[in-house]
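Worksheet for the structure shown next.
The values are calculated or read from the model by the stated rules, or taken from the named source; none is laboratory data. The model shown is predicted, which means the values in this text are computed figures rather than measured ones. Cβ atoms come from the backbone with ideal geometry, glycine included; neighbour counts cover every protein chain shown. Heads up: the accessible areas ignore ligands, DNA and RNA and are worked out on the full protein's heavy atoms, side chains in. Shrake-Rupley method; radii C 1.70, N 1.55, O 1.52, S 1.80 Å.
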Amino acid sequence: MSIKRILVPLPGSASHTGEIELALSAAKALGAHVQALFISQPPAVTRGGVSVGELGRTATVASVNRLAEERERTAGDAREVFAQACAKVGIPMQANDEPGSPLAASWREEAEGSYVEIAVQRAAAFDLVVAASATVMESLMAIAEQSLLQTRRPVVLAPARLQSDLTDSVMIAWDESPECWHAVSAAIPFMHLAKSVWVISVDRDASNRKASQAEVLAYLRCHGIGATAQVVAPEESLSVGDTLLAAGAEYEAGLLVMGAYSHSRLREMFLGGATRHILKNASARPVLLAH
């Protein structure tokens, strides 16, 4: 698949350095259009211990106007941060998001509403969503998870700060599941640009992965991508998720690629799993997930 439209949701209450930086880096590398989605969420202002929402009809016009001004100021400040980041990397801002636009960026605001619901609904119209793990922000983790499960769009989890080039090295966390195949397919545009590609499986017996690793290496060669396969034995003290994150550091991966929820989501929530672990803990490098 090609990646030509990238969505980067921006919660109004958080610093967006990592997400913006990663989205613009991906757009620059792939010649894609990136759209920032900002949804205003008014603060829980209280008066005498009663929230504005609870005040209902008794809320004064002055308090409503003050909240509207604060939302407008927050949105304006966020737009300026995004515009400056675009200018820094030479990506032009345009007034709208026209289909087929060349490398460019646009800004979209939603007045208010359920942030996760609106962001996920919008994600269906894009090739890639840039979000983050819980170590950056819980709501971005929720957007990542729901985008994966509801829209089946690939999601890239952004670190708090991008520390390496996105295409320096790509590491595929290979487990031969259909979800992992989807992730490999989604990451093809990045792997074409990468200096090296590694296919890493976690298993105590390397022979268990030999046939499936040969299959994915053949698939990548058909796409003009050379890769090297390795099998990593898990350490007793580390989960599969921690083992993958440690391998990403060892291979200096600019991008980690893996399938999401190859087991049922309910099983992963109750028994634990690599997807949930990555969604909660990925903070050092970008992770591309697909379901």
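Listing for the model above:
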read-out	value
Residues that are under 14 Å from LEU220 (Cα atoms), open to solvent by less than 50 Å² (accessible area, probe 1.4 Å) and more than 18 Å from the chain's Cα centre (by Cα), drawn from segment 169-195	TRP174, ALA194
Residue within segment 196-204 that is among the hydroxyl-bearing types (Ser, Thr, Tyr) and either part of a loop (DSSP other than H, G, I, E, B) or open to solvent by less than 30 Å² (accessible area, probe 1.4 Å) (or both) present	yes
Residue list for segment 216-235, filter: without any contact (Cβ under 8 Å) to a residue 24 or more places away in the chain and open to solvent by 60 Å² or more (accessible area, probe 1.4 Å)	ARG221, CYS222, GLU235
Failed item in (1) open to solvent by 10 Å² or more (accessible area, probe 1.4 Å); (2) not in a helix (DSSP H, G or I), with LEU166 passing the rest	(1)
Among the residues listed as ALA62, ALA85, the single one being modelled with pLDDT of 80 or more, on the phi < 0 side of the Ramachandran plot and of a type outside the set (Lys, Arg)	ALA85
Test for ARG153: is it touching a Phe, Trp or Tyr at 6+ places or on another chain (Cβ under 7 Å) and surrounded by fewer than 23 Cβ atoms within 10 Å (Cβ to Cβ)	yes
Residue count for segment 249-288, restricted to those that are under 23 Å from SER164 (Cα atoms), assigned to a loop (DSSP other than H, G, I, E, B) and modelled with pLDDT under 85	3
Criterion violated by VAL34 - all others in (1) at pLDDT 75 or above; (2) surrounded by fewer than 13 Cβ atoms within 10 Å (Cβ to Cβ) satisfied	(2)
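Per-residue answers, yes or no, for (1) assigned to a helix (DSSP H, G or I); (2) crowded, with 19+ Cβ neighbours inside 10 Å; (3) of a type in the set (Lys, Arg); (4) modelled with pLDDT under 80:
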site	(1), (2), (3), (4)
ASN96	no, no, no, yes
SER101	no, no, no, yes
GLU109	no, no, no, no
ILE118	yes, no, no, no
ALA125	no, no, no, no
VAL129	no, yes, no, no
THR135	no, no, no, yes
LEU140	yes, yes, no, no
ILE143	yes, yes, no, no
